[in-house]
Amino acid sequence: MELNGGQALIKSLEMEGVEVMFGLPGGAILPVYDPIIDSPIRHILVRHEQGAGHMAEGYAHVTGRPGVAMVTSGPAATNIVTPLCDAYMDSIPMVVITGQVALPSIGTDAFQECDTTGITQSVTKHNFLVTKAADIPRVIREAFHIATTGRPGPVLVDIPKDIVDPKNPASAMKWYWPTASELTAGLPGYKPTTIGNPRQIRKAAEMILSARKPVLYVGGGILKARAAEALRELAELTDIHVVTTLMARGAFPDDHRLCLGMPGMHGNYTAVMSMQESDLLVALGSRFDDRVTGRVPNFAPEAKIIHVDIDPAELGKVRRPDVPIVGDCRLVIEELVKAVRHLLDTGSTFPDRQAWKSKLSGWQERYPLAYEPPVEGENLKPQMVLEHLRDSTPDDTILVSGVGQHQMWASQYWKFNHPYTWVNSGGLGTMGFSVPAAIGAKVGRPDKMVWSVDGDGCFQMTAQELVTASAERIPVKVAILNNAYLGMVRQWQEMFYDERYSEVYLSPDLPDYVKWAEAMGCVGIRVESPEEIQPAIDKANSIDDRPVVVEFRTDASEKVFPMVPSGQSNSEIQVPPFQRPDGGAGQKEISQ
Ligand SMILES: Cc1ncc(C[n+]2csc(CCOP(=O)(O)OP(=O)(O)O)c2C)c(N)n1
Ligand SMILES: [Mg+2]
């Protein structure tokens, strides 16, 4: 079959099973947009290319399938660099197609030319500049393969205009689709290791059986590997408690008796201290991020480390593991379960861990997540808003957050009992992520309720995508926690810069969020008093034909606790003042 490159590109996406893509056309990518008219693929027209990238990420987060975005050259390609970097940091499978100027013009500073592969090289798992129309099916197949196998990540395909433009003879090609063996033969250096080394797995099982203070340190890799069930089996078989990092919330149910919740800079006291005092950390798809470890030389000083990761580059990057295992988390955990069972069947027993369990429950009792009650007539407590939202939405609601205080409170106060219900920007911490990612999530899972919890600062960065949501009838719900500040930065200025507030005030009224929401085709609701919280949420939940924005006026002085100040040891974790022995009189740090 004779096709032109543009047709071949769209047909290749269809062959990959793409059902939806996010994008915005322009000069260099025009010929590829033409065949979209005849394709079953749904194209969602965004208002800014950053939105397309985050939508593709949100879609990938909740479906496990690669998100696809397509934009034109130059400024459009640079607009999507942030989502690429975001997806790279959080290992999100994504394929981004960018238009490029015609091959003979490359390097001439042609109109809307930029060196897209050069710019994106360090924020993609791989990128391609295609130079022949005949290469398009092969490259697209390789791009999806690379994005979705091994450690997932974003792959970019840059397509010069002449090889897709039917008016140019260079675009003519004979259609083909590479077989699986042609695909792997074409990528000789790319063979991710998925099966863990059996000897190392046996060693890990023996260590698990002799540990007195073990913790399963679970990261986002568990979700990428679809390993939540296997994890639960391992935790229950070994009776070991689990911490779920910011990227792994939902990978293990929060209401499970073995769940300790989130560790890290704003993790709960028990999760942080359990890691700190453990004698064995079983790191599963987690990467010893600095927000989790605190000051690395002081991190979990007594712990032996078993580290399972599909990316060999992670093993020993931050902390030397005693037992490194390269492999797919699900497959490795399944083997680990078998190895532990075998040891138990042949007479091994667990040591007495009663003292450790009592310590954990003691911490949980002494230092629960807590906040001071609201004061009559003052702004709302953000935690209280989140508790209302949590308790009035279905258990499997998808929660998508922005970046800042609201993100930390959302992660702390929500109860995640299902995998793939928490979407956020962990590694890069991208303000503006939430609204477009929530739209992508709703497109991927239209059957589920999707709430975005956003900050007023974040919302102002990408709110225009609610126009996309209205136009495309994607009924997401947005809760803005409007504290009139870049709150997280304000918190650092209050705590570490002597309350010298520099460039963090935003104003509660500018913009008028209700009017703005209405102008974008959404329902807008403002909530100023505690009595208004529940009716507003109920109203938002009942609307399913358009997006809803609920603005909650929240207390600007509220800080996120616990907190491990940047660069300090996790043992220096600060709990809220009212949980400190002196009631916070001297801003005393709790040290163990
Ligand atoms: C694109 C981007 N710019 C700057 C920052 C630094 N930053 C982190 S949190 C934050 C404040 C966020 O404000 P808001 O969205 O209102 O959330 P809040 O902390 O008030 O809940 C800023 C500026 C960032 N993470 N991302
Ligand atoms: Mg704010």
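Nothing in this text is a laboratory measurement; each read-out follows from the coordinates by a stated rule. Since the model is a prediction, treat every value here as computed from it, not as a measurement. Cβ placement follows ideal geometry from the backbone for every residue including glycine, while neighbour counts extend to all protein chains displayed.
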Could you give the dipole magnitude of segment 198-366 about its Cα centre, charging the beta-carbon of Lys and Arg +1 and that of Asp and Glu -1, in debye to the nearest 20? 260 debye
Lys415/Asp322 FRET efficiency (R0 45 Å; Cβ-Cβ; nearest 0.05): 0.85
For segment 296-309, Karplus-derived ³J(HN,Hα) couplings (6.51, -1.76, 1.60; θ = phi - 60°; whole Hz; x for glycine and proline) come out as 4, x, 9, 6, 5, x, 8, 7, 7, 10, 9, 10, 10, 7
Under 16 Å from a point 7 Å along the Cα-to-Cβ line of Glu229: which residues of segment 243-268 have their amide N that close? 251-253
If a paramagnetic tag sat 7 Å from the Cα of Asp352 along the Cα-Cβ line, which residues of segment 181-221 would have the backbone N under 14 Å from that point? 212
Given Trp492, Pro535, Met520, which one lies farthest toward the positive end of the charge dipole of segment 382-560, if we put +1 on the Cβ of every Lys and Arg and -1 on the Cβ of every Asp and Glu? Met520
If I take R0 = 56 Å and measure r between the Cβ atoms of Asp34 and Glu378 in this structure, what FRET efficiency does the formula 1/(1 + (r/R0)^6) give, to the nearest 0.05? 0.45
Based on alpha-carbon atoms only, what is the radius of gyration of the chain relative to the globular estimate 2.2 N^0.38 Å? 1.00
Mind checking which lysines have their Cα closer than 25 Å to the Cα of Lys132? Skip sequence neighbours fewer than 8 apart in that chain. Lys11, Lys161, Lys167, Lys174
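Efficiency by 1/(1 + (r/R0)^6): what FRET value for Leu187 and Asp115, r their Cβ-Cβ distance, R0 = 25 Å, to the nearest 0.05?
Working: r = 24 Å, r/R0 = 0.96.
That gives a FRET efficiency of 0.55.
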Would you pull out the residues with amide H under 5 Å of Lys304's amide H, same chain only if 5 or more places away, H placed 1.01 Å from N? Leu280, Leu281
With point charges of +1 on the Cβ of Lys and Arg and -1 on the Cβ of Asp and Glu, referenced to the Cα centre of segment 331-458, which listed residue (Val375, Ser401, Leu336) lies farthest in the positive direction of the dipole? Leu336
Among segment 291-311, those whose backbone N falls under 17 Å of a label point 7 Å along Cα→Cβ from Ile195 are 310
Taking a crude spin-label model, label points 7 Å out from Cα along the C-beta direction, the Glu494 to Ile543 distance in nm is 3.1 nm
Would you mind finding the longest exposed-site-free stretch of the chain, with exposed trypsin sites (Lys or Arg not before Pro) meaning DSSP loop and at most 10 other Cβ atoms within 10 Å? 258-499
Just to confirm the filter: which chymotrypsin sites (Phe, Trp or Tyr not before Pro) across segment 173-273 are DSSP coil and have at most 15 other Cβ within 10 angstrom of their Cβ? Trp175, Tyr176, Tyr190
Can you tell me which aspartates and glutamates have their Cα less than 12 Å from the Cα of Lys415? Leave out same-chain residues fewer than eight positions away. Asp254, Asp255, Glu387, Asp391, Asp395, Asp396
Say each of Arg42 and Thr179 gets a label point 7 Å from the Cα, pointing the same way as Cα to Cβ; how far apart are those two points in nm? 3.6 nm
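Specify whether the C-alpha gyration tensor of segment 198-366 places it in the rounded, prolate or oblate class, a ≥ b ≥ c being the square roots of the eigenvalues: rounded for a/c under 1.5, otherwise prolate if a/b is larger than b/c and oblate if not. List each step's numbers first, then the result.
Working: a/c = 1.35, a/b = 1.10, b/c = 1.23.
In terms of gyration-tensor shape, rounded.
Starting from segment 286-373, pick out the GluC sites (Glu not before Pro) whose DSSP state is loop and whose Cβ has at most 12 other Cβ atoms within 10 Å.
Details: sites: Glu302, Glu314, Glu334, Glu335, Glu365; in loops: Glu302.
Taking segment 286-373 and a limit of 12 other Cβ atoms within 10 Å, the loop GluC sites (Glu not before Pro) found are Glu302.
Take the Cα radius of gyration of segment 382-560 and divide it by 2.2 N^0.38 Å, with N its residue count; two decimals is plenty. The partial results should precede the final answer.
Working: Rg = 15.1 Å, N = 179, 2.2 N^0.38 = 15.8 Å.
Relative to the 2.2 N^0.38 Å estimate, segment 382-560 comes out at 0.96.
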Radius, Kirkwood style, for segment 2-185 when every pair of distinct Cα atoms is counted (Å): 15.8 Å
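Just how large is the dipole of segment 84-158 about the Cα centre, in debye to the nearest 20, putting +1 at every Lys and Arg Cβ and -1 at every Asp and Glu Cβ? Could the numbers behind the result be given before it?
Values: 5 positive and 8 negative charges, 73 e Å.
With Lys and Arg at +1 and Asp and Glu at -1, about 360 debye.
Report the charge-dipole magnitude of the chain in Debye, nearest 20, computed about the Cα centre from +1 at each Lys and Arg Cβ and -1 at each Asp and Glu Cβ. It would help to have the intermediate numbers written out before the result.
Numbers: 55 positive and 72 negative charges, 344 e Å.
So the magnitude is around 1660 debye.
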Shape call, segment 299-362: gyration tensor on alpha carbons, a/c limit 1.5: oblate
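Kindly flag which residue pairs out of Lys125/Lys539; Lys191/Lys304; Lys317/Lys477; Lys125/Lys213 have an alpha-carbon separation exceeding 31 Å in this structure. Please list the in-between numbers first.
Numbers: Lys125/Lys539 43 Å; Lys191/Lys304 29 Å; Lys317/Lys477 39 Å; Lys125/Lys213 37 Å.
Among Lys125/Lys539; Lys191/Lys304; Lys317/Lys477; Lys125/Lys213, the Cα-Cα distance tops 31 Å for Lys125/Lys539; Lys317/Lys477; Lys125/Lys213.
May I ask for the equivalent-ellipsoid semi-axes of segment 113-254, computed as the square root of five times each C-alpha gyration tensor eigenvalue and listed largest first in whole Å?
Numbers: eigenvalues 382, 58, 31 Å².
Ellipsoid half-lengths, sorted descending, are 44, 17, 12 Å.
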In terms of the charge dipole of segment 280-325, which places +1 on Lys and Arg and -1 on Asp and Glu at the beta carbon, the residue among Thr293, Val323, Ala313 farthest towards the positive end is Thr293
